[in-house]
Structures are given as structure tokens and as C-alpha cells.
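Q: I have a structure I would like to understand better, so I am pasting it below and will then ask my questions one at a time.
The values are calculated or read from the model by the stated rules, or taken from the named source; none is laboratory data. As the structure is a prediction and not an experimental result, all values here were calculated from the model. We place every Cβ from the backbone using ideal geometry, glycine too, and count neighbours over all the protein chains shown. To get the accessible areas, we keep the full protein, side chains included, count just its heavy atoms, and leave off ligands, DNA and RNA. Shrake-Rupley method; radii C 1.70, N 1.55, O 1.52, S 1.80 Å.
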Amino acid sequence: MKEFFKYVLATVVGLIVFGVVIGILGVMSVVGMISSGQSTKNVSDNSVLVLDLNGAMEEQVGEDDFLSMLSGNSFSTIGLSETLSAIKKAKDNDHIKGIYIQAGVLSADFAQVQEIRNALLEFRKSGKWIVAYGETYTQGVYYLASVANKVYLNPQGMIDWAGIGAQPMYVKDLLAKFGIRFQVIKVGKYKSATEMFTEDKMSDANRAQVTAYVNGLWDNVLKAVSASRKISIDSLNAYADRPLAFDDPASLVKRKMVDGLLYTDQVKGEIKKRLKLDEDDNITQVSISDMENVKEKEKGDEIAVYYAWGDIVNAPITNSLMSAQHQIVAQDVCKDLQGLMDDDDVKAVVIRVNSGGGSAYASEQLWHQISLLKKKKPVVISMGGMAASGGYYMSCNANYIVAEPTTLTGSIGIFGMFPDRSQLLTQKLGIKFDEVKTNHHTLIGTPARPMNEEEIAVISRFIGRGYRLFRQRVADGRKMSVAQVEAIAQGHVFLGQDAVKIKLVDELGGIDVAVKKAAQLAKLKEYYTSDYPGVPSWTDQLMNATNTGNFLDEKLRATLGEYYEPFMLLKQMNETDAIQARVPFFLNIK
């Protein structure tokens, strides 16, 4: 029996050692693949840059979406920074002759799509060509692809062209079924973020501002597509009223929405003709990730482009599925900006803000750090899809603010939202409470009962003080009087194109416009840009996925669809600050 156990033990040890060796070899193989992928590359002559528009767009991703590569996930994350850089490099690279846009399901905000579209327009101005093809075009992807020299559609494909709408969701009655309601204290008649929890429809003020920015977004889309496709705006509106998605694809050619109906192999033939290749020749394709490894010479002085996007929080929200979403963590961002402030090689800083806001306290900390940075070197804000409420708070004291026409900004206002679970606890669960206290407000905020009028008055004074501070920050930063700010505050949301008229924004444009302004303010003749913060390494991505449950998060997103965000919002509610400076939690723009 001793011999038996000895052999069994030896076998087990051998299997463990074998597993460890295989694991090490596997890690070494992955590291090797990543290292080879990150090495500097030369682009072959007669190449085509492929933009695969299938995935969720974030402001910044990094050199490799390591987890998508391992899982083979076709719906991956696309970085705006990396995409813009690839298009710019392709424009300046003599070996790249054109761009092929592969239409897919792209989840991106209008400002991101507008920024890429503008970069593609600059690419075309260089004399190079763009060809777009899709089996199905979503409205946003068609808006982007319409800039191409030729737009092709599969003979059995469709174009989703039906206009833009917003469909806010209201959960007051749902929460009431569980014995939960919210006590809300807010400043600003347009501050509509709380309506999701307290109303069952839009207020008149919110309906007015939502109507304004939805119409503004659609006007931008119509003008751009009309100019590119040479179709009148009246016709485009008539097509949206049909809507086009249910039309015979052949009619889309007659209406000039597409240039032809082709299968994938036939589109390749069209590209080969442009490259002057024989039918049997292969097309040399270059991806966005490939272009990241095409190095450009760094001449002159450095301008830092710092990406800040997501909900504004003071400390990371951890130990929940919500931690899988990107956040502007004030503690971390302030340290990063301090580092850029102390770095003498960095002559100016562009901060790319894409946020609907969040914690009012964290927004104040970010405002303070940006104000300190501004004292040492120029700071220019580049606004993405949203830079509203807390996102505008942190931006308002910069030297200069640039926004896209479709950016949602403003929303100068603050609210407090306090869940009242007393009915859930006392009536539905049968829990009873009693109390003993030493002072009048010792138990303010207790879950045993809703706040009374006196307690609400105390918190209202606190929130009012926060609103006045926010308003003063804007007045000081934008060199306006408090009365001027108040006239456009009250939580009112504006499109970037309207924010310029009321002096909340200085100029319309994208990151490139912001960088040029930063160079001008810093009096730089030659300059290059560097992206901050540093992108996570593949090991950090792996550890982050392990710690935050990214896999489960992605499964939930796929399962819940449009209900994912409201579900996650309710899940997160206990972990967010009660005092918020933010736009509606869930805009649901379609």
C-alpha cells in the first residue's frame, strides 16, 4: 500500500509540475505574440487601411485589446484616440492609398462619430480615396460612411434611416412595488436627472431641452449627409419618414443613398481596381492596431492629451459590476494632472472630457487641480459626446474650451437624491425600529423613516450652497457675471453649437482644434502630442478583468440590451455620492 500511495503522489506531483510548465510556456507565448505585435512596423506599398466599425467606442483603449484577442470576441472595444491617430498617419503615409470602411454595429456617441468623420474628410482632401461597404448600416455608421467616395450595400442589406429620438425611462412605479421611493432636493428647473426616479413622464422644461438637442443632432446629421451624397435635406427627411430600412435595396441606389449593390467579393474587386491590382493579387490590409506601431518622428515640444471619461467619482467604485465601466476617479486624475504640471517637458495640456458628471465633491477637486495646472502651462478642454454638469464644472476654468457641435454641455446645477426604503423595511419586511438620540439631528438619514421637512430644509441649504459655488466657478472661469451665468444655468443642457453663442464654449471642433490652440497659447512652432494616462498593459487588463467581473458584465450587456444601463444604475445606487452634478442618468437617445 505504501508503494501505491508513493506512485500516486509522484503522479500527482508530476501532473502539477507539467501544468506549471505548460502554463509558463503559454504565458511566454502570449507575451511573445504581444511583443511581436507591438514592434515597430513598416507599411507595405499599395496598402489599404481598414476601419472595422463593429464594437463599442471608448475615448482611449490602448495598443492591444488583450481580452478580446484571447476570447475571439468580434464585438470589441474601439478607441477614438487610436482611430484618429491611424487615419492621420494613413493620410501622411505615401504607402497607404485608401481607406476601406467595413460597416458594422457601432456603439458610439454623436461627437465621437463626428470627430472620425471630420478626420476622414481631411483624409479625402489629401487626394486619397475611401470606399465603404456594409450588409447593414446603422444610422450613425451611415452618417460616418457617407463621407466615402463610394458607398456600397449588400444586395439584401438595409440602411437604418429613421431620424433621432429620445425615450427616457421612468422607474418610480417599479421601485414603489418594492417599497422604495426617492426624496429629491435639486436646484434648477431643467435639472432633470432625478425625474427617472420621481416622475412618470418628462417635465415641460425637460421636454423643451430634449427636443432642442435631439433636433440639433438630427440637423447636423442631415447637413453632413446632404453635402456628401448630394441629396436635399427635404428628401433625406422624407426618406426617414418612410423609413428606409424596409425599402427594397434597389431603391436606395435610385435615391442616391448608396452607389451600388455588391457582395463582399465584388467590393474587393472594386478596391483592386483602385489599387491597379490583378484579379489574383491579394490586397495588403492595415488595421488600426497596425498603425499604432507605425512610429512618427517626434519633433519640437510635447503637448499632453489627457483622456478623462465616464462618471465622475471621488474614489473608484469597486466590488460591483459597475466597476467594469470607465470612471473619472478624482483622486487618480488629480495625481496625473499634478504629474503633468511638474513635467517640464510638457508645455501644454489638452484634457479630453467626455462625461455627464457625477459627484459634486469630486468635480470640485478636479476643478481645483485644473486651476493649479493652468497657472503653470496652458490648459485647453476638448469636449466629447458630453461635458455637462460635473463634466462642465471641471472644465470651466481652463484657458480655452473646444466642443463638437453635437456635444451635450452646460447643465449647471446640483441635486441630492436620497432613497427612502422605510416602506420596504417596515411594511414589506416587517422590521420595526425605535430610537434614542442625544441631539436633534443625530439620526438624520436613518433608513427607518423618510426625512421630515426640517431635515430636508437643512440639506436644501447645503445643496444650495453647492449650486452657488458651481455657478461662481463658471462665472470666474468664463469671465461672466453671476447673473449672466444664472440666466443660462438652472441645469439647462445645450448642444455645443448653441453653447458657443452663450459663451460656455470658445470654439467648435475636435481634438485637433484643441491641440492647435494649446500650441498657440504655449507659443510653440513645432510640437507633437502624447496621450495620457498610459494605457493598461495586458497584465493589468487581465487582473482588472479578474477583479471586476468584466466577463459577467459583457454577458449582462448582451442579455439586457437597452435595459442594461438602468439596471446597472440601480445596482450602483448605494455606492454613489448623494450630492450629484450630472445630466440625466440614462438619456436613451436612438
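Q: Give the number of residues within the stretch 408-463 that are in a loop (DSSP other than H, G, I, E, B), of a type in the set (S, T, N, Q) and open to solvent by less than 40 Å² (accessible area, probe 1.4 Å).
A: The initial filter retains those residues of the stretch 408-463 that are in a loop (DSSP other than H, G, I, E, B), namely 411-413, 421, 429-452.
Of the ones still in play, those that are also of a type in the set (S, T, N, Q) are 411, 438-439, 442, 446, 452.
Filter once more, keeping what is open to solvent by less than 40 Å² (accessible area, probe 1.4 Å): 411, 446.
Residues meeting the conditions: 2.
Q: Show the residue pairs that are 6+ apart or on different chains and have beta-carbon atoms under 9 Å apart, the first residue being within the stretch 365-379 and modelled with pLDDT of 95 or more and of a type in the set (A, V, I, L, M, F, W, C), the second being open to solvent by 10 Å² or more (accessible area, probe 1.4 Å) and not in a helix (DSSP H, G or I).
A: Cβ pairs passing all conditions: W367/N397; I370/N397; V379/N397; V379/N399; V379/Y400.
Q: Any residue in the stretch 285-306 that is open to solvent by 50 Å² or more (accessible area, probe 1.4 Å), part of a helix (DSSP H, G or I), polar (S, T, N, Q) and at pLDDT 90 or above?
A: no
Q: In the stretch 167-184, what count of residues is obtained for those that are open to solvent by less than 50 Å² (accessible area, probe 1.4 Å) and not in a strand (DSSP E or B)?
A: 6
Q: So, one more: Which residues, counting only those in the stretch 141-172, are of a type in the set (G, A, S) and farther than 15 Å from D52 by Cβ?
A: Filtering the stretch 141-172 down to residues of a type in the set (G, A, S) leaves 145-146, 148, 157, 162-163, 165-166.
Correct list: S146, G157, A162, G163, G165, A166.
Q: Going through the stretch 333-361 one residue at a time, which ones are at pLDDT 95 or above and in a helix (DSSP H, G or I)?
A: V333, C334, K335, D336, L337, Q338, G339, L340, M341, D342
Q: Another question, then. Mind listing whichever residues of the stretch 185-207 are in a loop (DSSP other than H, G, I, E, B), open to solvent by 20 Å² or more (accessible area, probe 1.4 Å) and under 23 Å from A388 (Cβ atoms)? Explain how you work it out, then say what you get.
A: Filtering the stretch 185-207 for residues in a loop (DSSP other than H, G, I, E, B) gives 188-194, 199-203.
Still in the list and also open to solvent by 20 Å² or more (accessible area, probe 1.4 Å): 189-190, 199-203.
K189, Y190, E199, K201, M202, S203, listed by residue number.
Q: Is one or more of the residues making up the stretch 311-319 of a type outside the set (A, V, I, L, M, F, W, C) and without any contact (Cβ under 8 Å) to a residue 40 or more places away in the chain?
A: Taking the stretch 311-319 as the starting set, the residues that turn out to be of a type outside the set (A, V, I, L, M, F, W, C) are 311, 314, 316, 318-319.
Remaining after also requiring without any contact (Cβ under 8 Å) to a residue 40 or more places away in the chain: 316, 319.
Among the residues of the stretch 311-319, at least one is of a type outside the set (A, V, I, L, M, F, W, C) and without any contact (Cβ under 8 Å) to a residue 40 or more places away in the chain, which makes the answer yes.
Q: Here's something else I'd like to know. Please give the number of the condition I231 fails out of (1) under 28 Å from the mean Cα position of the chain (by Cα); (2) outside any helix (DSSP H, G or I).
A: Unmet condition: (1).
Q: Now for a different question. So which residues in the stretch 218-270 are among the hydrophobic types (A, V, I, L, M, F, W, C), open to solvent by less than 50 Å² (accessible area, probe 1.4 Å) and under 25 Å from E115 (Cβ atoms)?
A: W218, V221, L222, A224, V225, I231, L236, A240, M257, V258
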